[in-house]
Amino acid sequence: MEKIKQSNKIIFLLFVVLNIIMFIADIVFTYIGSPDLLIEGNPLVYVFGLGWKSLIITSIIFLIIIIVLLYYFFFRFNRVVIQCEGIKQYISMLFYNLPDKFIWTLYKFPNNKIGLSYFLASLGCVLAIVIPIGKLFAVFLWIGVINNLEILNIYHNNFNIL
């Protein structure tokens, strides 16, 4: 049991460090590539016209949310055993305490404590993996912009940004 706790601490710290590094890299490369934010692709900037302060504050808020959810996943989350006849019934019982409501997962939030617990733990795990990948993509785009590659034009033409 102690080895599991130790490995959870190591994996948790690796994810936290990875997320912090990628958030910092994204901000640094954004500043190098567009100190005036004229070519920034974040909707806070190009839709709402907000500046550096809001960009940094929202990045910090998202980072804190990811770390809190990841902490919950590794150190507070308890798995539950449910007797059922397949994954659809398992998910239905887990989220809604009913064996035949799997379709609700497409449009309805879990209505019990166990289902909400699983949802938050899963969300923390997914965000801790997906967000750094997205930030890495943004860093590569900024490297292309900084080095005057045509990547910015390709990106903007294909995704209709700016």
Given (1) part of a helix (DSSP H, G or I); (2) of a type outside the set (D, E, K, R); (3) modelled with pLDDT under 85, number of the condition V81 does not satisfy = (1)
query = With (1) in contact with a Leu (Cβ under 6 Å, 6 or more places away or on another chain); (2) more than 26 Å from I129 (Cβ to Cβ) as the list, and L37 as the residue in question, which single condition is left unmet?
reply = (1)
task = Take I103 and decide whether it is of a type in the set (V, I, T), out of contact with any strand residue (DSSP E or B) (no Cβ under 7 Å at 6 or more places or on another chain) and either in a loop (DSSP other than H, G, I, E, B) or touching a residue at least 60 places away in the same chain (Cβ under 8 Å) (or both).
result = no
task = Being β-branched (V, I, T) and surrounded by 15 or more Cβ atoms within 10 Å (Cβ to Cβ) is the filter; apply it to segment 86-115 and report the residue that is nearest to the chain's Cα centre (by Cα).
result = T105
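Condition test on I57, is it under 30 Å from F137 (Cα atoms), out of contact with any Leu (no Cβ under 7 Å at 6 or more places or on another chain), buried (at least 18 other Cβ atoms within 10 Å of the Cβ) and of a type in the set (V, I, T)?
Values: under 30 Å from F137 (Cα atoms): yes; out of contact with any Leu (no Cβ under 7 Å at 6 or more places or on another chain): yes; buried (at least 18 other Cβ atoms within 10 Å of the Cβ): no; of a type in the set (V, I, T): yes.
Against the criterion (under 30 Å from F137 (Cα atoms), out of contact with any Leu (no Cβ under 7 Å at 6 or more places or on another chain), buried (at least 18 other Cβ atoms within 10 Å of the Cβ) and of a type in the set (V, I, T)), I57 does not qualify.
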remark   = Of the candidates I60, I66, the one satisfying the condition of being of a type in the set (A, V, I, L, M) and either touching an Asp or Glu at 6+ places or on another chain (Cβ under 7 Å) or in contact (Cβ under 8 Å) with a residue 60 or more places away in the chain (or both) is I66
task = Of all residues in segment 2-55, count the ones that are touching a residue at least 24 places away in the same chain (Cβ under 8 Å), of a type outside the set (S, T, Y) and outside any helix (DSSP H, G or I).
result = 2
Subset of segment 64-78 [in a helix (DSSP H, G or I) and hydrophobic (A, V, I, L, M, F, W, C)] = I64, I65, I66, I67, V68, L69, L70, F73, F74, F75
ask   = Restricting the search to segment 58-79, which residues are among the β-branched types (V, I, T) and under 22 Å from S7 (Cβ atoms)?
value = I66, I67, V68
Members of segment 12-32 that are within 16 Å of V130 (Cα to Cα) and crowded, with 16+ Cβ neighbours inside 10 Å = F12, F15, V16, L18, N19, M22, F23, A25, D26
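The values are calculated or read from the model by the stated rules, or taken from the named source; none is laboratory data. In this text the structure is predicted, and so the values were computed from the model without any measurement. Note: ideal-geometry Cβ built from the backbone for every residue, glycine included; neighbour counts use all protein chains shown.
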